[in-house]
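Scroll down for the structure; my scribbles are underneath it.
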Amino acid sequence: MHLLSTQDMTLADIERIFNKALVKEKEHFRPKIRNSAKKILANLFYEPSTRTSSSFFSAATKLGHTVLQINEVKYSSVTKGETLEDTIRTISQYADAIVLRHPDIGAARTAANVSDVPIINAGDGAGEHPTQTLLDLYTIWKKCRKQGKDINGLSITLMGDLKNGRTIHSLLNILRLYNVKITLVSPDNLRLPESVYRDSTNFNEGRRIAEEPTLTEKICQDTDVLYVKRVQKERGSVAEYQLTNEQVKHFKNDMMVMHPLPRNEEIPQWFDNDRRAYYFEQIKNGLYIRMAILEDIFL
Ligand code: NCD
């Protein structure tokens, strides 16, 4: 079973993974290790990564698995001109699953077509980043549970580089499963691609989506979840935006500000101590979610 896109996921998949993550969280970093189930996970990264790569490494190790870490593809046969397909065919003989990050949209699907083992998409260019979305949604879900609420009914605002931000694309795809109000805030040149818009709206005609160029007072007052994305300069995006004191003043008391990180200047550091800042919580949840994903795939 591959994990390529949030478009393939159902509510039942999400619930199963979230419940596994809750168990991992309860075990408090000391999960029960079953030696008989030891696997080898390959971490194959053609693009830089801090959180995704390290959290998969940590999650696999905590579960008692071994990690084949190929972070610097320049030290592999990729520099000798090897195709992605041949690299995947090779690594899939050595590993029981492959976590792949690659600069091309669709690379994870290409890999899945030739792999003998499950492929986990850890980011394919400006395409998708489904494991980030699972941890993002888990963070929202846990907060809702604490308050006796539900994801349905939330007002979710996605702000920043919606064009090249793959975590945005995957999040929008998964939100088709919920009845939420979505507001897209982006500079004109970084608006959501038409194809993503179409794919994510097709599923549920009752969804409400609005597009705005700036984060207005009205949006601030209405938002339960503000998900901010940095300018993806490495994919040619150019823009400047930053959360201001004035906007924060209009936020609800119990809303949440999220960010997949790394951040640049879009969320100033002075906001970090605000109880509505959830981006460090997201990092922690990423570990539990990735443990849950690995358990799901290896069982
Ligand atoms: C994101 C990514 O690589 O898409 N990082 C991450 O995995 N948390 C976000 C980004 O690079 O902006």
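If the condition is being open to solvent by 70 Å² or more (accessible area, probe 1.4 Å) and under 21 Å from S195 (Cβ atoms), then region 3-18 contributes only D8.
Whether any residue in region 225-242 is over 14 Å from L190 (Cα atoms), within 16 Å of the ligand (Cβ to nearest atom) and assigned to a loop (DSSP other than H, G, I, E, B) is what I want to check. Yes, there is a match, as at least one residue in region 225-242 is over 14 Å from L190 (Cα atoms), within 16 Å of the ligand (Cβ to nearest atom) and assigned to a loop (DSSP other than H, G, I, E, B).
Kindly indicate whether any position in region 55-72 is free of Cβ contacts under 8 Å to residues at least 12 places away in the same chain and of a type outside the set (D, E, K, R). Checked region 55-72: at least one residue is free of Cβ contacts under 8 Å to residues at least 12 places away in the same chain and of a type outside the set (D, E, K, R). The conditions of being modelled with pLDDT under 95 and either touching a helix residue (DSSP H, G or I) at 6+ places or on another chain (Cβ under 9 Å) or open to solvent by 70 Å² or more (accessible area, probe 1.4 Å) (or both) are met by K74.
Residues that are without any contact (Cβ under 8 Å) to a residue 40 or more places away in the chain, in contact with a His (Cβ under 9 Å, 6 or more places away or on another chain), open to solvent by 40 Å² or more (accessible area, probe 1.4 Å) and away from the ligand (no atom under 13 Å from the Cβ) are absent from region 263-281.
Screening K32 on (1) open to solvent by 30 Å² or more (accessible area, probe 1.4 Å); (2) more than 16 Å from the ligand (Cβ to nearest atom); (3) at pLDDT 95 or above; (4) closer than 25 Å to T139 by Cα shows it passes everything except condition (3). Every listed requirement among (1) part of a loop (DSSP other than H, G, I, E, B); (2) more than 15 Å from the chain's Cα centre (by Cα) is met by P262 save one, (2). For region 118-141, indicate whether the set of residues that are open to solvent by 10 Å² or more (accessible area, probe 1.4 Å) and β-branched (V, I, T) is non-empty. No, because not a single residue in region 118-141 is open to solvent by 10 Å² or more (accessible area, probe 1.4 Å) and β-branched (V, I, T).
Per the listing D104, D150, D136, D86, the residue uniquely in contact (Cβ under 8 Å) with a residue 24 or more places away in the chain and of a type in the set (D, E) is D136. The lone criterion from (1) of a type in the set (V, I, T); (2) within 16 Å of the ligand (Cβ to nearest atom); (3) touching a residue at least 24 places away in the same chain (Cβ under 8 Å) left unmet by T110 is number (2). Of the residues making up region 161-180, those that are open to solvent by 10 Å² or more (accessible area, probe 1.4 Å) and away from the ligand (no atom under 16 Å from the Cβ) are R176, L177, Y178, N179.
The values are calculated or read from the model by the stated rules, or taken from the named source; none is laboratory data. Model, not experiment: these values are computed from the prediction. Cβ coordinates were reconstructed from backbone atoms using ideal geometry, including for glycine residues, and neighbour counts include every protein chain displayed. Protein only, heavy atoms only, side chains kept; ligands, DNA and RNA dropped before computing areas. Shrake-Rupley method; radii C 1.70, N 1.55, O 1.52, S 1.80 Å.
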